[in-house]
1. Considering only residues of segment 172-205 that are of a type in the set (A, V, I, L, M, F, W, C) and assigned to a strand (DSSP E or B), which is nearest to residue 9 (Cα to Cα)?
2. List the number of the failed condition for residue 91; all other conditions in (1) buried (at least 16 other Cβ atoms within 10 Å of the Cβ); (2) closer than 25 Å to residue 177 by Cβ; (3) modelled with pLDDT under 95 hold.
3. Does any residue in segment 1-22 that is within 14 Å of residue 242 (Cα to Cα) come within less than 7 Å, Cβ to Cβ, of a residue that is part of a helix (DSSP H, G or I) six or more places away or on a different chain, and which pairs are these?
4. Is it the case that residue 55 is crowded, with 21+ Cβ neighbours inside 10 Å, within 25 Å of residue 237 (Cβ to Cβ) and in contact (Cβ under 8 Å) with a residue 40 or more places away in the chain?
5. Right, residue 238: surrounded by fewer than 19 Cβ atoms within 10 Å (Cβ to Cβ) and under 14 Å from the mean Cα position of the chain (by Cα) or not?
6. Condition test on residue 61, is it within 24 Å of residue 223 (Cβ to Cβ) and out of contact with any strand residue (DSSP E or B) (no Cβ under 6 Å at 6 or more places or on another chain)?
7. Do you know which residues across segment 206-227 are surrounded by fewer than 23 Cβ atoms within 10 Å (Cβ to Cβ) and part of a strand (DSSP E or B)?
8. Name every residue in segment 32-57 that is charged (D, E, K, R) and either at pLDDT below 95 or closer than 17 Å to residue 113 by Cβ (or both), in order of residue number.
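The values are calculated or read from the model by the stated rules, or taken from the named source; none is laboratory data. All figures in this text were calculated on a predicted structure; none of them were measured in a lab. In this analysis, Cβ positions are derived from the backbone assuming ideal geometry, glycine residues included, and neighbour counts consider all displayed protein chains.
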Amino acid sequence: MISIKTKEDIVILREGGRRHAEIMNELVKEVKPGVSSKYLNNFLEKMITDGGDVPSFLNYTPYGAPRAYPAGLCVSINDEIVHGIPNEEEKILKEGDIVSLDFGLTHKGLITDMAVTVPVGKVTPELEKLMEVTRNALFAGIKAAKGGKRTGDIGSAVERSVLPFKYGVVEELCGHGVGYKVHEDPFVPNYGDPGTGDVLKPGLVIAIEPMVNLGTKKITLDDDEYTFRTKDGKPSAHFEHTIVITKGDPEILTKIN
C-alpha cells in the first residue's frame, strides 16, 4: 500500500536527508586507492550513530532475502551494480575503479536513502562518461516527478536520457517508496511509458535510483544472494536521491549543498 507522509513526517525526513547528505560528503572523501570497503562501512556507521541516528540497512532483511544485510553500507565496485557487501579481505579499492556507495539513514524513526558512484583515483574517460550519464539520468527522473504525473513518467525520463549513449539500463532493479520502511510501494522503474504506473501524489516520498551499465542491461546475482553484477562483467554506475512529491517540482531531501 502506498503511504502519503504527513507534514510532520516531512519535517523529520528533511532533517534526516540533510544529515544523510552531509555524511555522504564525508564518506566520499575517504574513497582512495588502498582503502577497504570494510573501513568505509565502519566509518559510515560511526558517523551515523555519533549523530544519534541509525544505519537503516544494518540487519535489514529485504523481501525474499535469506538473511539480514550485515552492514550499514553497500559498497559496489566496477561490475557490481548494487548491494555489494563490505569485506576487509576481498574488497580493497584500486586506482581506476569506480565504486557505488549506498546507505539508508533513520532519523527519529523515518528513513532516507541515497547513493553516489565515485572514481577511485584517476579513471578512464569512458568511466567518467558512464558516471556523468547516470547522474544526469537521476536528475532527469527527478525533473519528471511532478505531482499528478505517474511513475512511468519517471522511468521514461530516465530511459530516454540514457538511450543516446547505448548503455544498458537495469530493469530488474528499481527505485521505491521510502520513509516508514526501507522499501515501500510504489516501485519506481528506470524505464517505461509516460502516463503509466502509479500516480505521484503530494506527500509521497520515493527514492529514484538509476542503475546504468556500460554494456548489457542483463544482470546476475552472486552466491552471497545480495550482490548484483552485470552479466558481461562491464562496469555499472548508480545514483540515488530521496525526494518528496509536491504539487509542482519535487523537493530533493538528500540534496548535497
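1. So the residue we want is 205.
2. For residue 91, the exception is condition (2).
3. 5/13
4. It is true that residue 55 is crowded, with 21+ Cβ neighbours inside 10 Å, within 25 Å of residue 237 (Cβ to Cβ) and in contact (Cβ under 8 Å) with a residue 40 or more places away in the chain.
5. Answer is no for this residue.
6. yes
7. Hits for segment 206-227 are 219, 220, 221.
8. Across segment 32-57, the qualifying residues are 45, 53.
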